[in-house]
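Colleague: I'd like to ask you about the structure that follows.
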Amino acid sequence: MSIPRPQKFKPASGQNHFWYAEDIVSGAIMQEGFTTVSADDLVTIEDLIVYKENLHRLRLKISTMSIAVKEPDIFQISVSVFPNPFLDNFTVGISDVFSGPALIILHSLGGIVYRETTYWLDEGMNQFTLPQTNQLSAGIYIISIKCGSGIAKKLVMKL
């Protein structure tokens, strides 16, 4: 699907934008992704699946804002993600002051959970690679870490 730039939406060619398709009735996010404005002023959204009978129920939204988000340090967990952005897989580094289990959740900006797993953290620095991230579509995701020391979140971007 290609959308010419409307007059109120004038991003520069080459800019990246987050988009999502929303069900108008339920408000549920049906699909989401990341797109780049092309040189011919079109915003092209690839692989958007829309059935004719549901077209009247779909609202397509494209973010006109920068995707920068302030990530506060919560409690005593320090989290790093590298490389970020990533192509296939990324490594998560967690520095914690306690030992114990940690719930790791990888989800979309819209809240769709893609991976959920538990790791054992030792006091100090811990590193692991989240499995099967090479199967994710290009876009921006949030990795949430919940453990005895608190909760931390980090944005990651798949190219």
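Colleague: Among what's in the stretch 79-123 and is touching a residue at least 60 places away in the same chain (Cβ under 8 Å) and under 15 Å from Q135 (Cβ atoms), pick the residue that is surrounded by the fewest Cβ atoms within 10 Å (Cβ to Cβ).
Modeller: Only one residue fits best here, namely L87.
Colleague: Would the stretch 68-83 turn up any residue that is outside any loop (DSSP other than H, G, I, E, B), among the hydroxyl-bearing types (S, T, Y) and at pLDDT below 85?
Modeller: yes
Colleague: Follow-up. Looking at the stretch 25-49, which of the residues that are modelled with pLDDT under 70 and in a loop (DSSP other than H, G, I, E, B) is farthest from Y141 (Cα to Cα)?
Modeller: Going through the qualifying residues, I end up with D41.
The values are calculated or read from the model by the stated rules, or taken from the named source; none is laboratory data. Treat the numbers as computed from the prediction; the structure is a model and nothing was measured. Don't worry about glycine lacking a Cβ; one is built from the backbone with ideal geometry, like all the others, and counts go over all protein chains shown.
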